[in-house]
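Worksheet for the structure shown next.
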Amino acid sequence: MVRRHLVLRVVSKLLIPFILLFALYVQFHGDFGPGGGFQAGVIFGAGFILYALIEGIEVARRVAPTALVRLLMVLGLLLYVGVGYVGLFKGANFLNYDVLAHDPVHGQELGIFLVELGVGITVAATMVTIFFAFVDQARR
């Protein structure tokens, strides 16, 4: 925990909400330009790791318990794979988004949005899991 460095704590506490907000922007702007799930997941995970470094590991574990982080990893992966299987069940190829809506263009938009959301959730949760694993290893 960074108790002695007051300036670092204050600046980090001011920046963390903007880091997380930027991650959401990258996530939802990924359909139309650079960005998407992976980049947003990395930014969101880095923001949470900064929070854990500033507030302490115990506080971070209360905010994001291990069971919740693992559940998010699984849900993100299931969202990605589920979108792919919906295409199969509707008679198209795996991850063929055209069949997800009444119009192929809307299907493409919905499919890309859902897949990128699944990737973002999985990447952020995986980064937090790896961080917590390193912390646990360092404490031994």
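Read-outs: derived from the displayed coordinates by stated rules, not from any lab. Please read these numbers as outputs of a predicted model, since none were measured by experiment. Reconstructed Cβ throughout: ideal geometry from the backbone, glycine too, with neighbour counts over all protein chains shown.
Of note:
- P(r) for the chain, from all Cα pairs and a bin width of 10 Å, is 13, 34, 29, 16, 7, 2, 0 %, short bins first.
- Using a Förster distance of 25 Å, the FRET efficiency for D136-Y25 (Cβ separation, nearest 0.05): 0.20
- Relative contact order of the chain, taken over Cα pairs closer than 8 Å and 6 or more residues apart, is 28 percent.
- Of V74, V128, V63, the residue with the greatest mean-square motion in the GNM of the chain, using alpha carbon springs below 10 Å, is V63.
- Applying the Karplus relation 6.51 cos²θ - 1.76 cosθ + 1.60 with θ = phi - 60° to segment 131-140 yields 3J(HN,Hα) values of 4, 4, 5, 5, 4, 4, 5, 5, 6, 6 Hz, where x marks Gly and Pro.
- Distance from the alpha carbon centroid of segment 34-89 to that of segment 119-140 works out to 10 angstrom.
- If you run the Gaussian network model on the chain, springs between alpha carbon atoms under 10 Å, then out of A64, A101, A124 the most flexible one is A101.
- Each Lys or Arg adds one and each Asp or Glu takes one away; over the other residues whose Cβ falls under 14 Å from the Cβ of R61, this sums to 0.
- Segment 34-140: chymotrypsin sites (Phe, Trp or Tyr not before Pro) falling in loop per DSSP and having at most 16 other Cβ within 10 Å: F94
- With θ taken as phi - 60° and the Karplus curve 6.51 cos²θ - 1.76 cosθ + 1.60 applied, the whole-hertz 3J(HN,Hα) list for segment 55-69 is 8, x, 5, 4, 5, 5, 5, 6, 5, 10, x, 4, 4, 5, 5 Hz, x standing for glycine and proline.
- For segment 42-49, the Karplus equation 6.51 cos²θ - 1.76 cosθ + 1.60, evaluated at θ = phi - 60°, returns couplings of 5, 5, 5, x, 5, x, 5, 5 Hz by residue, with Gly and Pro reported as x.
- Of the trypsin sites (Lys or Arg not before Pro) in segment 50-123, those whose Cβ has at most 14 other Cβ within 10 Å and which sit in DSSP loop: K90
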